[in-house]
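Quick one: the structure is below, and I'll ask about it shortly.
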Amino acid sequence: MAASSGPLFPRRWILVLLTVSARCSVSAFKVMEGATATLSCQYSVSRLGLSRVCWGRECGTFWCNNILAQTDKHGVISKVSDRYRLAGDVLAGEMDLEILDVKRTDSGPYCCRVDIDGIFNDKKIIQNLRVMKAPVTVLPRSTTVHVKEAPPTTEHWRAVESSHLAIPRQNTSVFPLRTLVSILYTTI
């Protein structure tokens, strides 16, 4: 018995390692700077029931590291910023992470981890986000406008007599005065 169990021992560890690594999927996602990135994470609620889920910048040994958002079986329990929000049909197992107004510093791995009862049963989805620099919009150079010489103008002065102008004086009442006003008007 001891001789037959020796060669099987390494195979068991290989089988365990293959089983653990098979529960993790990795994919890449590109988005333009300033846009909204939607990173997908889904699991079977009908098979597993509602589960705890976390989104972080990396998958830790037992839970997400650098947690951005996480849920329990009743709803969202924490979120680090309004830039991150969970989207999708939670009752259908859709726990997509939306990152609003992505920046170049948002590039890198993101981990969605679904808590499944048992040892090494958690489902891990790793999304590598690559934020592309937004294209620079080049405005046309200034437009040159050619202006011809303006037509000659004629100035006319007209005298107008008015009794509607009042000049206030300090410590006195305001009285309408008859004033001669000169008005300049221009014709083109």
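The values are calculated or read from the model by the stated rules, or taken from the named source; none is laboratory data. A quick note: this is a predicted structure, and the numbers were derived from the prediction, not measured. When we count neighbours, we look across all protein chains shown, and the Cβ atoms used for this are built from the backbone with ideal geometry, even at glycine.
Look at Val147 and say whether it is among the aliphatic types (A, V, I, L, M) and at pLDDT 90 or above.
Details: among the aliphatic types (A, V, I, L, M): yes; at pLDDT 90 or above: no.
Against the criterion (among the aliphatic types (A, V, I, L, M) and at pLDDT 90 or above), Val147 does not qualify.
Could you list, in sequence order, all residues of the range 52-69 that are of a type in the set (S, T, N, Q) and out of contact with any Lys or Arg (no Cβ under 7 Å at 6 or more places or on another chain)?
Initial filter on the range 52-69 (of a type in the set (S, T, N, Q)): 61, 65-66.
Result: Thr61, single match.
Could you say whether any residue in the range 104-124 is basic (Lys, Arg), modelled with pLDDT of 90 or more and assigned to a loop (DSSP other than H, G, I, E, B)?
No, the range 104-124 contains no residue that is basic (Lys, Arg), modelled with pLDDT of 90 or more and assigned to a loop (DSSP other than H, G, I, E, B).
Among the candidates Arg104, Arg113, Arg85, which residue alone is assigned by TED's automatic domain parsing to the domain that holds Ser40, touching a Cys at 6+ places or on another chain (Cβ under 7 Å) and basic (Lys, Arg)?
Details: Arg104 fails: touching a Cys at 6+ places or on another chain (Cβ under 7 Å); Arg85 fails: touching a Cys at 6+ places or on another chain (Cβ under 7 Å).
When all the criteria are applied, what remains is Arg113.
Still on this model: Out of the residues in the range 51-98 that are assigned to a loop (DSSP other than H, G, I, E, B) and of a type in the set (Lys, Arg), state the one that is farthest from Asp117 (Cα to Cα).
Residues of the range 51-98 assigned to a loop (DSSP other than H, G, I, E, B): 51-52, 60-63, 72-75, 80-83, 88-89, 93, 95.
If we keep only those that are of a type in the set (Lys, Arg) too, we end up with 52, 73, 83.
Values: Arg52: 10, Lys73: 13, Arg83: 31 Å.
Selected residue: Arg83.
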